[in-house]
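Okay, structure first, notes after.
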C-alpha cells in the first residue's frame, strides 16, 4: 500500500478547492514530475534503482524519519560576490534575465535591455519592498515562497516537457492577484501578449500563456517566486540528483557539501540552499535510505527570528509580522508592516540597533526549509557511485565564488580546480565510477535535459 | 613560471603566509591559553589633559604588550618543559594583552569611527538584546545589572594578564596597577580567573573546555616548517595535513582572526580576500569579545537530573542519566570525549588524548588519519550521524562548528568563517555538590566563565554564532532546537524557554525544554585589540 494517497497543494493552500478537478490535476502533475525525474536520473546515472521515490506509487518500507532542511533566505551568492553592504542594495532590485547565471562582477552593472526582469533572490524565498513615496522609507516588505507552478496551474498550464494541463480558473487567479497584490490588476496584465523573450533569446513566457514576469509580480509587487531557479520542479529534481553517490575524478566518494555540489553539478554552489539540501539528502542516501519529499511538497518559510528587533515605541513587534498564506513553520507568504495605529513605518524598526533600510535585512532573519523523508531500511541500499559530471573552478586570485565546467572540459586558464582532493572519504575509492559515467554520457540520447520550462535547465 | 603553473603549484603546496609576529598581539595569535588570568578594566576622564596622559601611558606600555612572537615562544618553552623529565623551571613572566572599547578608542583617535564593525561601535550592552539576553530590567542578566560594562559605566581599556601560575599573574598585575595609578587612570573592574584546581581545563558545569580551537594557517618565519599552529598529520596524508593541526583542528586563514590577512574563501585551501583593514592602522589588529557569564551549576544539574528522570520513563530512553543528557546537550562527555566517538559512556582516555579527541565527522563515517608521530588512534571512530541521532543538532559543539555538514548558510566555508579563538578562563570556586541548592552554596553562585573570544568580525563571528545559531531553534540545521547549554531564547511569547530534540536508543524523538537560566550574562564588552605599531604610533601619539 502506498504511503500517500494524494499530493496536496503547498501548505494546503485552499485556492484549488473550488476549481473542479484542479486538486486531482495538481496531484497528477506533482506525481508526474517525480516519475519523470526518477526516470531521467535512472537513465543518466545507470539502471540501478534510484533511492528516490514517488510516495503515492511506491512504499520502500523501513522506518520513515522526517528531516527538515533549513537555510537562510538572503542570497549567499550576492554576499560572496559583492559583500554584505552592496548585496543588501542589489538584492532589493530586479535584475535582467540575461544576467541570470552570469552576473556581472561589477556590482553597478545590472542594466537590462529587454525588460524581462526577475528577483535575484535565489534561495527559494523572494521579497518585494514598498517604500513611502515621500520619504523613501520602507513601509512594507512582502515575502513569498510560493512556487510559480502553483500559479501557472491556476491559469491552466504549467509549461514543461511535457506540459502539465489543469482545469484552471483564470478568474480565481485574477481575484487572488487582486487580494494579494493590488485591486488594479487586470487579467490581461497577467497574460503574455507576445512571447516574452530576452535579448539572449531565452523565452520566459509563451504568447497567450500566464506570464510569471508580469508587472504585478516584478516591478509593482510580488505574487510568487520568479527567480529562475526557484521552483517546485527544481526542488524535486535536486532531491533526486542528490540521492546519487558521486566520486571525484580520482574515484573517491564525495561526502562534503561543497565538493559534492561542485563535482556533481546538481545546483548552485554559491547558495545557502542547494549545497546543504544536496549534502543532507546525500548523507541520508549514503546511509542506504530511500528518500522523498514530505507532502505537501513545497518550499516554506519556517520562521522569522525577531531577536534584537526593536520598535521606536519600545513595544513588542509581533503585530508587525503577518502570515498571509500558510501556517507557522509552513509559511508561504508573509508581510512585515506596522499597524497604522502605531504611527511609524517598517523603516523605523531596528534590528540590533540598525534601522531597516533594505528588505534583505529582514531576509537575513528568515529561515526557509523543505522537509524530506528518509526510509531507513533493515538492509541498506548500496547503489554504486557515479563519477563527477562537473568540475568546480575558482579564480585563485579573486576567490569569491565557485564556478563550474563540465567534467570533460579542462580548467580554463586563470582558474584552479576547487576542492581538489577534498570532501571525500579516503577509504571509499571507486575507480570504475568515472569510466562508467563517461560511458553513459557518450551513449545515444544521453543529452537528456532536466525538467525545465522552455528547455532551460532550472538550477 | 606561467600562470597555469602558478595555479597548479598553489593547489599542490597550499602555501601559508608569514605573519608579522612582532606586530600582532599574542592574545590574538597564537592566543593566551593560560590557566590563570586577571582582567583589569580601566576608564579615563575625557578631558584633554587626561587624554594626553593616557596616550603617554600607552606609548610607554607598547613595548611591554606580549607580541605573537613572544607568546608563541612562551608556548613552545612551556611544551618543552612539560615534556621534559625532572624539576620544572620557574614559571615564565605573565603575558599582557590590551583591548579598547569604541568609547576608549574615540578618546585616542578620531579614526575610531572608521572601523567598519557596527557591533563594535555600539558595544556589547547595546547589542545585548540581539544576543537574546534578558530584556527585563529586573533580570540579573539585563545589562543594567551587569557587574562590568553596564550602560553608563563603560570601560575604555581592558588589560588581560595571563600566566602559568597565580603568583606570576599577580606579580605582573600589581606592576600594571602601579603604572595605571601613576598615569591617573581609574580601575573600574578587576577580576581573577583561574583554572579549576579539582578539574583543570574544565568549565564550572564539569565539562572539559576548549578542546576544539581553530588553528591558524600561517608561519612564524621564513622557515617553511615554522608553523604557528603545530602540525600533527603525516606529510603524506593530503589534504588532511593541509586542513588540520591536530586531527579535527581546523586550520583557518589568519584573516579569520586578524585584520588585513587572507580570510576564508569557498575552498579552504585557497586563501580568500583579506579581512578589511580599515582604517589602515587596524591592520594586524583583532576584535575581542569579553563576556562574563555566571553559571548556575546547581540549577543546571538539578534540571538535568529532573529531565533525565522524566525521559527515562519514555521508550528508548530507559538508560538515560543526568550525565548522559548533559553530555548530549554539550556534544562531549565531561572528559572531553566526543559523544560521536563513544555514544554510550565517557572514555577519559579518549578525552585526554588530543590526537584523537577532536577527530570526528558528523555526516560520514570517520577513519584514522596517519600522524607524524606514528601514533595510531585506536579509539572507536565516529559513525555517520547526519540527523543528529547520537550528537543532537542542538548540541553546543554542533551548533558552533558544523564541521563536514552543510548548514543554513551553505557549505563548509560558512563554519570556517565563523570560528573564533577562545582564550578565556573560569572564575569562582567550583561547586563541590553539583546539585546544591542556592542556600547550600558557599560561593553564593559566583562562579562561571570569563569568556574571551578573538575574531576578525564580531558581527559575523561571535554575534552570528550567538544570535543566529545558538539562539535559533532551527539553525544551523534541524531537527535541532536551541543550544541548551549556552543559548538564549527571547522570541516573543515563549517565556525564554529553550527546547531541543534528542533521540533514544530506537531513534525515538523526545523534546527537552527548560526556562531555567543557568547561564546568566553579567557583564563584558566588545574590544579592539590593536597591533603593537598602532598602539605605539597611533593610539599612543
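Each residue, residue B:18 and residue B:273, gets one label point 7 Å from its Cα in the Cβ direction; the gap between the two is 2.8 nm.
Treat the count of other C-beta atoms within 10 Å as a stand-in for reagent exposure and order B:202, B:444 from fewest to most. Mind showing how you got there, number by number?
Working: B:202 19, B:444 9.
The order, fewest Cβ neighbours first, is B:444, B:202.
For a label point 7 Å from the Cα of residue B:114 along Cα→C-beta, name the residues of region B:515-541 whose backbone N is under 14 Å from it. Flagged as within label range: B:534, B:538-539.
Decide, for region A:354-432, between rounded, prolate and oblate: order the square roots of the alpha carbon gyration tensor eigenvalues as a ≥ b ≥ c, take rounded if a/c falls under 1.5, and otherwise choose prolate if a/b is larger than b/c, else oblate. Oblate. Please determine, in degrees from 0 to 90 and to the nearest 10, the orientation of helix A:432-442 with respect to the longest principal axis defined by the Cα atoms of chain A, where the helix direction is its Cα long axis. Approximately 70 degrees, to the nearest 10. The slack between residue B:181 and residue B:541, meaning 0.36 nm per residue of separation minus the straight C-alpha distance, is 127.6 nm. In terms of surrounding Cβ atoms within a 10 Å radius of their Cβ, A:402, B:376 rank from fewest to most as B:376, A:402.
Using R0 = 41 Å, the C-beta based FRET efficiency linking residue B:435 and residue A:93 works out to 0.10. For a modelled paramagnetic label at residue A:170, 7 Å from Cα along Cα-to-Cβ, the residues of region A:178-200 in reach, with backbone nitrogen under 13 Å, are A:186-194.
Going by alpha carbons, how many degrees (0 to 90, nearest 10) lie between the helix axis of A:273-286 and the longest principal axis of chain A? The two axes meet at around 40 degrees. Spatial offset of region B:433-484 relative to region A:335-387 amounts to 23 Å, using the alpha carbon center of each. Model label points for residue A:311 and residue A:329, set 7 angstrom from Cα along the Cα-to-Cβ axis, are 2.7 nm apart.
Take B:470, A:330 and order them by how many other Cβ atoms sit within 10 Å, fewest up front. Please list the in-between numbers first.
Values: B:470 25, A:330 19.
Sorted ascending by nearby Cβ count, the order is A:330, B:470.
Maximal additional length on extending the residue A:137-residue A:194 stretch stands at 16.9 nm, based on 0.36 nm per residue less the C-alpha distance. Between the helical axis of A:170-180 and the longest alpha-carbon principal axis of chain A there is an angle of about 60 degrees.
Bridges between two residues of the protein assembly as shown, per DSSP, are antiparallel at a rate of about 95%. Does region B:415-541 come out rounded, prolate or oblate, given a ≥ b ≥ c as the square roots of the eigenvalues of its C-alpha gyration tensor, rounded meaning a/c under 1.5 and, failing that, prolate meaning a/b above b/c? The shape class here is oblate. With R₀ set to 41 Å, the beta-carbon distance separating residue B:171 from residue B:226 gives a calculated FRET efficiency near 0.85.
Could you tell me the ratio Rg/Rh of the protein assembly as shown? Both radii from Cα atoms, Rh via Kirkwood. If you can, show how the numbers build up before the last one.
Values: Rg = 28.6 Å, Rh = 29.7 Å.
In the protein assembly as shown, Rg relative to Rh is 0.96.
As a test of the formula, what do you get for chain B when each DSSP H run with n ≥ 4 contributes -39,500 (n - 2.57) and the sum is divided by the residue count, at 222 nm and rounded to the nearest 500 deg cm²/dmol?
Result for chain B, helices only: -6000 deg cm²/dmol.
Between rounded, prolate and oblate, where does region B:50-107 land on the alpha carbon gyration tensor, with a ≥ b ≥ c its root eigenvalues, rounded for a/c under 1.5, else prolate if a/b exceeds b/c?
On the way: a/c = 4.23, a/b = 3.14, b/c = 1.34.
Prolate.
Under 14 Å from a label point set 7 Å out along the Cα-to-Cβ vector of residue A:435, the amide N atoms of region A:380-407 belong to A:387.
Every number here is computed from the coordinates shown, using simple stated rules; none is lab data. Being a predicted model, the structure only gives us computed values, none of them experimental. Here the Cβ is made from the backbone with ideal geometry for all residues, glycine too, and neighbour counts use every protein chain on show.
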